[in-house]
Each structure stands twice: as C-alpha cells, then as structure tokens.
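The values are calculated or read from the model by the stated rules, or taken from the named source; none is laboratory data. These numbers were taken from a predicted model, which means no experiment stands behind them. Glycine also receives a Cβ, built like all others from the backbone with ideal geometry; neighbour counts cover every protein chain displayed. The area values use the complete protein model at the heavy-atom level, side chains included, leaving out ligands, DNA and RNA. Shrake-Rupley method; radii C 1.70, N 1.55, O 1.52, S 1.80 Å.
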Amino acid sequence: MTFELEFEDRFEGRDLDPARWLPHYLPHWSSRERAAARYGLRDGTLRLLIEEDQEPWCPELDGEIRVSSLQTGAFAGPVGSSAGQHRFNPAAVVRETQPDVRLYTPQYGRVELRARVSDDPTTMAALWMIGYEDEPERSAEICVCEIFGRDVGPEQVAVGLGVHPFGDPKVEDDFSRENLRIDARDFHVYAVEWTPDGVTFHVDGELVKRVDQSPAYPMQLMLSLYELSRDETTSSYPKELVVDYVRGYRLAGAPPG
C-alpha cells in the first residue's frame, strides 16, 4: 500500500495553525468557552495542558472531567437539537451554535502521532478519529491510541486501540488494550492504516492489531488530554501530553482529505 503525505503539523510556530486545528472539544454540547483547550507550543512541540484552575468541560453531563483537545472538523445542528458529532450522552442537546468546518476530514489513508504521555493516574491521552457525522450513521470511531496514566510504567504500557460503532450499524465494536514493552513517557509513534478493507494499528512501525472492517466515510482527528478525576491533596499541575508531530497520508492517487 502506497501513501502520500497531505497533512503535517510539527508545531514549529508560535501558535496553533487555524487552518489545521479547532482548539475546542465538542463545543456544541457545551460552549467554546467551557470546551477551550489549554496548550503551549515550545521547542517544536505541542503541549496539551490541564491546569489547576481549569473547569470541567460539561459538568451537567460528564461530571468532573476536564479536557484539552484539538479537532480538525465540526458539525452540529441548531440549538436545542440532538444532531451533532459524538453525542456522548442521550440527554445531550446542542447548547451553542457552531459553524460547520472541515479542515482535515480524510476517507482512508494513514494517520500517525509521535508523542509522549504522562504516568499521572488521573489522566488519559488519546488520538482518535470520528465520523464527520453529517449523517447520523457516519459516526464510528477509529481509536489510534488511548493511554491511561495508571497503565504507564517504566517497562510496559497498555495501549487501547480499535474501532467503536456508536451510531454506525455497519461497524461492530472491536477494541482492545494491548500490553507493549515500551516506556510511553518517552516519544513513540502511534499510527493507523485505514483502507476500504480494514484498519491496522501500529506502534513504532510494528503491527499491533488488525480490524477487518472499515468506516466508509470521512473522519476527523481528535487529539485529546483528559483529567478523569481530581485529588486536591496529591495532584500536581499542569498535566500534559507532549506531541512532536501529527501526520496524515492519503492513499496514492486518492483525492485530498
């Protein structure tokens, strides 16, 4: 399989590139203010941050979870409707009007992330892809990597990867946590290769998992750091996910994403 580079961010500027990233997490279910990412760019890296004064992004429906996340697209219906990307709770309705945006929404190709994560047990870091969801059934997820801080050790880490159907009746859940002999606190490359025949998952160039099914519609990137709980007596801040680069490749000869 041959791929052609079409999306790359090495985070070498002074701020995020607005032609590549939206710095909010599913803001239609909350608001752009509550869902705003905290981050910094330094020494050619992106640092997604959870800071001590950061508020939960959607406390009525998602409890105390705090998120700093970037995404490459946005779609939602009018205020009060249930139409919108990744409706994570059946009670969720659109609370704030959002423009429909497609910065990078590929259909098939290779996506890769070079990053290092924290062993803070209250955090989870992930690169995942969700259907653009301009139609409700176009809503599956490809999880490139999902790493809980509690699963990070000096010699081993559990990496979650696979696909989730959400509202796509053609996709069956196929997700697992794979134990790998790496220290995820150092930089590693996490990647998927997504074709009409299936999805393969790779870490540092090694095949880790294969899924013989494939969402057949455009998907966007979600790059996320979560604080899942808060212990005021032991937590230290900021919590961070450090990213060296994100790359996207299309299938050779395919139209741009």
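Residues in segment 22-35 that are assigned to a loop (DSSP other than H, G, I, E, B), open to solvent by 10 Å² or more (accessible area, probe 1.4 Å) and in contact (Cβ under 8 Å) with a residue 12 or more places away in the chain: Pro23, Tyr25, Ser30, Ser31, Arg32, Arg34. Look at segment 183-203: where a residue is at positive phi and a partner is open to solvent by 20 Å² or more (accessible area, probe 1.4 Å) and of a type in the set (Gly, Ala, Ser), sitting 6+ places away or on another chain with Cβ atoms under 6 Å, you get Gly198/Ser214. What about Ala92, is it part of a loop (DSSP other than H, G, I, E, B), open to solvent by less than 10 Å² (accessible area, probe 1.4 Å) and among the hydrophobic types (A, V, I, L, M, F, W, C)? Considered against the rule, which asks whether it is part of a loop (DSSP other than H, G, I, E, B), open to solvent by less than 10 Å² (accessible area, probe 1.4 Å) and among the hydrophobic types (A, V, I, L, M, F, W, C), Ala92 comes out as yes. When Ala158 is tested against (1) outside any strand (DSSP E or B); (2) over 14 Å from Trp128 (Cβ atoms), exactly one condition is not met: (1). Restricting the search to strands (runs of 3 or more DSSP E) fully inside segment 169-240 and requiring at least 1 residues that are under 29 Å from Glu64 (Cβ atoms) and polar (S, T, N, Q) gives 174-180, 219-227.
For Val246, are the conditions met, namely being among the β-branched types (Val, Ile, Thr) and open to solvent by 30 Å² or more (accessible area, probe 1.4 Å)? It is false that Val246 is among the β-branched types (Val, Ile, Thr) and open to solvent by 30 Å² or more (accessible area, probe 1.4 Å).
Yes or no, residue by residue, for (1) among the β-branched types (Val, Ile, Thr); (2) closer than 16 Å to Arg20 by Cβ:
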| residue | (1), (2) |
| --- | --- |
| Asp62 | no, no |
| Gln71 | no, yes |
| Ala74 | no, yes |
| Gly77 | no, no |
| Ser81 | no, no |
| Gly84 | no, no |
| Asn89 | no, no |
| Val93 | yes, no |
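Exactly one residue out of Arg38, Arg42 is open to solvent by 10 Å² or more (accessible area, probe 1.4 Å) and touching a residue at least 40 places away in the same chain (Cβ under 8 Å): that is Arg38. Which members of segment 45-62 meet the condition of being surrounded by fewer than 21 Cβ atoms within 10 Å (Cβ to Cβ) and within 20 Å of Tyr237 (Cα to Cα)? Across segment 45-62, the qualifying residues are Thr45, Arg47, Leu49, Glu51, Glu52, Asp53, Gln54, Glu55, Pro56.
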